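Okay, structure first, notes after.
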Amino acid sequence: MLKTETITINMGPQHPSTHGVFRMVLTLNGETIVDLKPMFGYLHRGLEKTSESRTYLQAVPFTDRLDYICSMSNNFAYAVAVEKLAGIEVPLRAEYIRVIMAELTRLVNHMLAVGFLFNDLGAWYTPVVYAFRERERILDLFEMASGSRMMCNYIRPGGVAADLPAEFLPQLRKMIPHLENFVREIRFYLSDNEIFKARAVGVGFLPADMAVAYSITGPVLRASGVKYDVRKAEPYSIYDQFEFDVPTQVAGDVYARYLQRLDEMDESLKILRQAVERIPDGEYATKVPSRLRPPKGEAYARIEAPKGELGFYLVSDGSPNPYRWRNRPPSLINLSALREMCLGHKVADVVTILGSIDITLADVDR
Amino acid sequence: MQVLDDLWIRIAVWFRGLLESFLPPWAVQLTMDVLGILLLIVLGIVVVLAFTYMERKVIARVGDRIGPNRAGPFGIFQAIADAIKMLTKEDVTPTNADRWLFLAAPIVVIIPAVLLYAVLPFGRGMVGVDLNIAVVFVVAMGGIPILTMLMAGWASNNKYALLGAFRTVAQLISYEVPMVVALLTVVLLAGTMSTVGIVEAQASFPFALVTPVAFVVYMLAGLAELNRTPFDLLEADSEIVAGYFIEYSGMKFAMFFLAEYINLFMVAGMITTLFLAGWQWPILPSWLWFLIKVVVVIFLMMWIRATFPRFRIDQMLGFAWKALVPVSLVNLFLVALVAKVLEPGWARTGVLFVSNLALLAGAIAIMAQVARKREERARAAGEAAIKRYYGSEVR
């Protein structure tokens with residue numbers, strides 16, 4: 001008697017390609033995915049609750065640890081939220097510095113996303129090592145400004161922690177053409193790889209309507225063809241003063257998400273070019289008391305973080321500690337459509353699709 | 001030059017003379033045979049040490065890294081350090097494993113790998129056994145590792161290992177077919193199945209020039225047989241972690257590792273023998289030519305490994321059955337026809353070379369067409385979804 005059996009595989013929490021301690025319970029029929037159950041929470045550190053027992057400024061370093069690849073963006077989102085809550089004005093130079101840092105962070109994130117996507121595809125670390133090489137150069141800049149490479153803790157409510165050192169802008173000016181060249185290089189070497197296309201085109205299709213229904217944001221949403229970017233939809237900081245496009249793709253598959261990230265890197269470099277040219281002199285921060293007491297009320301601020309919409313919802317009861325400190329992590333919400341994208345594909349595709357969503361487990365679990 | 005060319009044979013003859021001075025003839029033969037076998041096994045191990053080092057260095061350089069540089073000058077003792085580490089590691093057998101199969105698999109995997117060396121012509125007159133059916137022997141011995149991988153995967157009682165074993169059987173058996181057809185093409189051209197005879201038949205033109213299609217097909221099938229990128233799905237580290245040998249540790253794992261690199265040398269040696277004129281070509285000693293060609297082929301494989309992503313299981317099987325098998329069959333037909341009509345020489349080589357290139361170009365064009373269709377389908381699906389979301393007009 002012939003019969004077939006489905007097998008259940010626990011992918012993770014220790015698995016080379018789950019990008020952290022993420023676990024997927026796969027039900028397989030041969031190699032085809034019949035069911036997928038994402039499990040997370042292995043990295044839950046209770047950052048929200050911890051932050052509620054700290055002052056507003058003490059919570060800034062916690063935001064570094066949300067999405068540890070993009071610490072600057074996290075600082076930025078939190079700072080915008082606190083400023084909105086307490087009504088703090090930010091000097092223009094600080095805004096420029098913030099934009100520069102946020103766009104550099106986007107570059108770092110997208111580089112790594114593309115590099116690790118190829119790692120998941122089995123390209124033996126070569127693309128990811130090149131991505132890391134360029135990332136190191138940007139991290140050098142971060143270190144120059146903030147003294148730290150990953151946990152920057154640089155963008156604070158009221159401005160930034162310190163003014164840019166004198167050698168920062170010349171260095172950045174030199175970097176921009178170099179990075180543009182790097183993006184061109186990636187396009188040239190990777191985009192037309194036949195095996196990559198075979199693995200990525202049509203895989204992990206996320207229809208535009210479903211993406212919106214799942215409230216997916218960021219490159220994943222735009223790759224599905226929805227033109228939505230918080231920088232344009234609800235401009236924060238000084239993004240309305242820059243000229244840039246919101247690129248979108250049509251196909252909504254892994255390949256489209258890859259192309260989307262490259263396009264966004266180009267746009268980020270465009271913004272960086274303008275910012276470096278126009279950055280004014282002046283104050284780099286408004287004085288904010290260390291025991292900040294915002295008036296009673298609530299504020300939700302959001303920014304376009306590299307992975308999607310990153311929001312902070314703060315409720316103040318007038319005391320130095322936030323009454324509620326809520327974070328909307330893009331990784332967690334983008335992850336919610338994973339099952340829909342994976343069903344019917346093969347085991348190998350799960351890894352690719354997960355890589356193309358680009359999550360950080362620290363951001364998922366908080 | 002002549003001296004260098006015959007160097008190893010002269011040493012063998014001298015040693016045989018030495019033995020004959022004090023041993024009876026049967027003992028001389030026995031000693032020489034045993035020594036020959038030992039030499040091949042030692043060669044296998046040296047190959048592993050050398051090529052693991054080379055692989056790490058090449059992949060590192062391609063990835064803009066330095067690679068091993070701590071153990072000894074330029075890290076050349078890295079492979080030895082690794083070997084010592086392997087030997088001292090704890091040897092774990094999973095509780096629910098099928099003990100005997102689990103134990104047997106790493107031993108069985110290495111035997112065919114070493115046996116294959118017997119028919120490899122390392123230089124002029126330097127071959128273990130000049131078997132008249134050497135090509136059949138290679139195919140037969142190449143089939144045994146499939147069994148051992150299934151043994152290992154099943155006995156480990158691990159789902160990743162089982163998935164790896166499934167993939168192994170599907171992949172290796174599929175790629176055996178185009179490989180054999182490519183071999184058959186060469187046999188047709190050479191008129192012999194002996195590896196020595198095949199090398200001698202390439203005195204004027206290497207078969208890579210005569211039938212590039214068979215060369216490419218054999219190269220790809222060889223990569224698949226070796227489980228190397230882009231066909232490394234059996235051990236895909238980013239998907240099923242390590243595949244069939246996931247539960248193996250210590251020396252048992254090292255056995256699989258040894259077999260892999262011994263096979264690497266073997267496949268590169270077969271490509272050299274079948275398509276790159278083996279030890280032929282002037283000026284340098286024959287064994288050196290053989291070695292150079294093998295290293296170049298292996299370098300090519302490492303380069304591919306360092307740069308290419310891997311196929312998915314269905315694509316990999318589709319590539320074997322829908323692309324390689326038809327192409328190699330058409331090529332076999334073509335070669336049979338031309339070889340019947342034309343005498344060996346410039347005309348035959350030219351006709352075959354041009355027609356082979358045309359065949360290759362045609363196959364690539366068809367595959368590109370299929371890829372374009374798939375891209376269009378993906379785009380259409382995306383467009384339909386965008387229309388659904390935005391209403392009638394797109395953006």
Under 24 Å from the Cα of B:LYS57 - lysines, other chains or at least 8 residues apart:
B:LYS85, B:LYS293
Partner shielding of A:114-121, taken as the mean number of other chain Cβ atoms within 10 Å, equals 3
Along principal axes, Cα extents of chain A, largest first, whole Å
78, 46, 34
If you take the alpha carbon radius of gyration of segment B:2-341 and divide it by 2.2 N^0.38 Å, what ratio comes out, to two decimals?
1.03
Using θ = phi - 60° and Karplus 6.51 cos²θ - 1.76 cosθ + 1.60, couplings along segment A:307-316 (whole Hz; Gly, Pro as x)
8, x, 6, 10, x, 10, 10, 10, 10, 10
Structure-based [θ]222 nm, chain B - -39500 (n - 2.57) summed over DSSP H runs of at least 4, per residue, nearest 500
-24000 deg cm²/dmol
Using only helices, what value at 222 nm comes out for chain A when you add -39,500 (n - 2.57) per DSSP H run of length 4 or more and divide by the total residues, to the nearest 500 deg cm²/dmol?
-14500 deg cm²/dmol
What residues have an amide H closer than 5 Å to that of A:ASP35, excluding those fewer than 5 places away on the same chain, when H is modeled at 1.01 Å from N in the peptide plane?
A:THR27
Quantify how strongly other chains surround peptide A:197-203 by giving the mean number of their Cβ atoms within 10 Å of each of its Cβ atoms.
6
Is there a quick way to get the dipole size of chain B? I mean about its Cα centre, with the Cβ of Lys and Arg at +1 and of Asp and Glu at -1; what is the value in debye to the nearest 20?
1120 debye
Taking amide H atoms as placed 1.01 Å from N in the peptide plane, list the residues 5 or more away in sequence, or in a different chain, whose amide H sits under 5 Å from that of A:ALA305.
A:LEU310
I need the calculated FRET efficiency for the pair A:GLU143 and B:ALA81, taking r as the beta carbon distance and R₀ as 35 Å, to the nearest 0.05.
0.55
Give the long-range amide H neighbours of A:TYR323: residues separated by 5 or more places, or on another chain, with amide H under 5 Å away, using H modelled in the peptide plane at 1.01 Å from N.
A:VAL315, A:SER316, A:ASP317
Two-decimal Rg/Rh across the protein assembly as shown, once Rg and the Kirkwood Rh are taken from alpha-carbon atoms:
1.05
State, to one decimal in nm, how far the label point of B:LEU43 lies from the label point of A:TYR68, with both points 7 Å from Cα in the Cβ direction.
5.0 nm
Please compute the alpha carbon radius of gyration of segment B:55-125, then divide it by the globular-protein estimate 2.2 N^0.38 Å. Two decimals is fine.
1.63
Take the Cβ-Cβ distance between B:VAL296 and A:PHE188 as r, set R0 to 35 Å, and report the resulting FRET efficiency rounded to the nearest 0.05.
0.85
List residues of segment B:182-224, by number, whose backbone nitrogen lies under 20 Å from a label position 7 Å along Cα→C-beta of B:VAL129.
B:192-199
Round to the nearest 10 and give me the degree value, 0 to 90, for the angle of helix A:71-86's Cα axis relative to the longest principal axis of chain A.
50 degrees
Out-of-range pairs (alpha-carbon distance over 27 Å; input B:LYS159/B:LYS322; A:LYS197/A:LYS307; A:LYS49/A:LYS296; A:LYS346/B:LYS252):
B:LYS159/B:LYS322; A:LYS346/B:LYS252
Of all trypsin sites (Lys or Arg not before Pro) in segment A:270-319, which ones are in loop regions per DSSP and have a Cβ with at most 13 other Cβ atoms within 10 Å?
A:LYS287, A:ARG291, A:LYS296
Against the longest alpha carbon principal axis of chain A, how many degrees, from 0 to 90 and to the nearest 10, is the axis of helix A:347-357 turned?
20 degrees
Averaged over A:342-353, how many beta carbons belonging to a partner chain fall within 10 Å of each residue's beta carbon?
3
Whole-Hz couplings from phi, Karplus 6.51/-1.76/1.60, listed for segment B:352-366; x for Gly and Pro
5, 4, 5, 5, 5, 4, 4, 4, 4, 4, x, 4, 5, 4, 5
Read phi for every residue in segment B:60-74 and hand back ³J(HN,Hα) as whole Hz from Karplus 6.51 cos²θ - 1.76 cosθ + 1.60, θ = phi - 60°, with x for Gly and Pro.
5, 5, 4, x, 6, 10, 9, x, x, 8, 9, 7, x, x, 6
Treat each spin label as a single point 7 Å out from the Cα along the C-beta direction, and report the B:LYS373 to A:ALA233 distance in nm.
3.8 nm
Using a Förster radius of 51 Å, what is the FRET efficiency between B:VAL13 and B:ARG65 based on their Cβ-Cβ separation? Nearest 0.05, please.
0.65
Identify the residues of segment A:33-71 with backbone N under 14 Å of a label point that sits 7 angstrom from the Cα of A:ARG291 along the Cα-to-Cβ direction, or state none.
A:54-58
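Where a number appears in this text, it was derived from the coordinates with a stated rule and is not lab data. Only a predicted model underlies this, so the values are computations on that prediction, with no experimental measurement involved. Neighbour counts are summed over all protein chains in view; Cβ atoms, including those assigned to glycine, are modelled from backbone coordinates with ideal geometry.
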